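*Asks:* Next up is a structure, given as structure tokens.
No value in this document is a laboratory result; all are computed from the given coordinates. Please read all numbers here as calculations on a predicted model, not as lab measurements. Counting neighbours? That spans all protein chains shown, and the Cβs are built from the backbone with ideal geometry, glycine included.
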Amino acid sequence: MVGTQLIFCLTTFYQLLTNTAESIKEELSAIIKEHIEETKLMKEEIKLMTIGLKRIKKKK
């Protein structure tokens, strides 16, 4: 009886860990995608600012 309860508890604990790991992976995936988009936007902004600075230097 105790062995069966132990196996049940371990199985339940394993399922909780597995579900938690999947949830964390999904959340991290969304966060990483957002950061990739933000990085792309920042890269584009830097390009535009560099072009603007070059134009300002040419005018002087």
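*Asks:* Using only the alpha-carbon atoms, how far is helix 2-59 inclined from the longest principal axis of the chain? Give it as 0 to 90 degrees, nearest 10.
*Replies:* 0 degrees
*Asks:* What is the sum of charges, Lys and Arg at +1 and Asp and Glu at -1, for the other residues whose Cβ falls under 15 Å from the Cβ of GLU26? Don't skip to the answer; put the middle values down first.
*Replies:* Values: positive: LYS25, LYS33; negative: GLU22, GLU27, GLU34.
Surrounding charge for GLU26 is -1.
*Asks:* With all pairs of different alpha carbon atoms counted, what Kirkwood hydrodynamic radius in Å does the chain show?
*Replies:* For the chain, the Kirkwood estimate is 16.0 Å.
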